[in-house]
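Reviewing the structure listed below.
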Amino acid sequence: MNRTLLGFIRKELTQTLRDKRMRVLLFVVPVIQLTLFGVALSNEVKNIRLVSVFPPGDAVMQKIHDRSIASGWFLPVSTQKVFSDPFELIRSGTADAVLVAPPGGLTRALGRGDAKLQLLLNAMNVIEAQAMESYVSAIVQRTILEDLRLDPPEPSIQVNSRVLFNPGLETAIFMVPATLAMVMIITTMVMTNNAIVREKEMGTFEMLISAPVSPAEVIYGKTIPYVILGMSNFPLILGVAVFVFGVPMRGSLLVLVLAAFAFVCTAVALGTLISTFCKNQQQATLAAFLFLFPMIMFGGLFFPIENMPVSIRWVAYLDPLYHYIGLLRNIMLKGGGHAYVGTHILALGLMALVSVVWSFRRFRTTL
């Protein structure tokens, strides 16, 4: 090999690997990510919260409910509050699926030859809704053949599905809000991180710190512009989501703007915090990617959080994308429940506060 080329290769490898932070980013973080993803991520839909509404003594409906729970796909939900309308079980977030027996019970209806079972589905997640409908249909057929030992199609049980919040099961209505969140975090967290590290790499950030201004003024001066940019970008991408892709807007626009502001502040604060651990733009770019990839995976964009083991699920609760994607889908598709919206906006606010405080402490010790 050419000695000059070999020298360049040795120099670049030495320069990159002598930095402890780069060694961690290159070798330690990918192993941690692979372990988390391998354990946590699964396309199989399970842990579906199920409520069955039927009168006491309805043996057939009880068999269907018991078989559903025994399948491992569904979880029973005990409701202390009495709901007059099964729809409210879905709207309030108490259940993901509700089985409603016909008047008088499914057993009597089966004897009359008019057995119609209603299934209410939360279709904010299209993949989950399609899986739930398939699961229930399969369980009903197995109940007919194995437990009741009837010979379909006469007599049989008809499952009438009522798909809520996304009747057409359109993938765009499910995916676009999550894509909106991804676009916003790229234009806020990544830009903030790179902008601050660029100043540090050029040496101008230290000059600003040494100027007759407080560190708080410098940091806020470097971050507030990206909050403004992130919020100014929000109406544009929201308009595309609503008017181009047809995503409904059933909740309050003011609440949606408040959720976007909380998320943008959190993303900018995280970008600032990441920048305190990076010395140059190479590290900043790699660190941003290594943070973004897990955030997307644990944000609920591709994989349902409910499928994850409980021991791993807490990682998603530390992901701002998880909270913001949930807020977008809840406000735009369901209308926004006060308890749900308040909880997730508060979570974003706490993440932003912790990131800001940590960033201030890091700047004091590293500059």
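The values are calculated or read from the model by the stated rules, or taken from the named source; none is laboratory data. Note that the structure is predicted; figures quoted are calculated from it, not measured. Every residue, glycine as well, gets a Cβ built from its backbone with ideal geometry; the counts of neighbours run over all protein chains shown.
Observations on the model:
- Among the conditions (1) over 30 Å from residue 123 (Cα atoms); (2) of a type in the set (A, V, I, L, M); (3) in contact (Cβ under 8 Å) with a residue 60 or more places away in the chain, residue 357 misses just one, which is (3).
- Subset of region 47-106 [of a type in the set (Val, Ile, Thr) and part of a strand (DSSP E or B)]: 48, 51, 53, 98, 100
- Residue within region 277-299 that is at pLDDT below 80, charged (D, E, K, R) and surrounded by fewer than 16 Cβ atoms within 10 Å (Cβ to Cβ) present: yes
- Among the residues here, residue 328 does not qualify as over 30 Å from residue 18 (Cα atoms), in contact with a His (Cβ under 9 Å, 6 or more places away or on another chain) and not acidic (Asp, Glu).
- Of residues in region 310-349 being more than 17 Å from residue 297 (Cα to Cα), among the β-branched types (Val, Ile, Thr) and in contact (Cβ under 8 Å) with a residue 24 or more places away in the chain, the one surrounded by the most Cβ atoms within 10 Å (Cβ to Cβ): 331
- Criterion (of a type outside the set (Lys, Arg), over 28 Å from residue 340 (Cβ atoms), surrounded by fewer than 14 Cβ atoms within 10 Å (Cβ to Cβ) and modelled with pLDDT of 80 or more) met by exactly one of 104, 38, 113: 104
- Among the residues of region 116-127, those that are farther than 14 Å from residue 55 by Cα and either crowded, with 18+ Cβ neighbours inside 10 Å or modelled with pLDDT of 85 or more (or both) comprise 118, 119, 120, 121, 122, 123, 124, 125, 126.
- Here residue 190 clears all of (1) surrounded by fewer than 19 Cβ atoms within 10 Å (Cβ to Cβ); (2) modelled with pLDDT of 75 or more except the condition numbered (1).
- Residue among 139, 144, 196 that is farther than 29 Å from residue 266 by Cα, at pLDDT below 80, among the β-branched types (Val, Ile, Thr) and crowded, with 19+ Cβ neighbours inside 10 Å: 144
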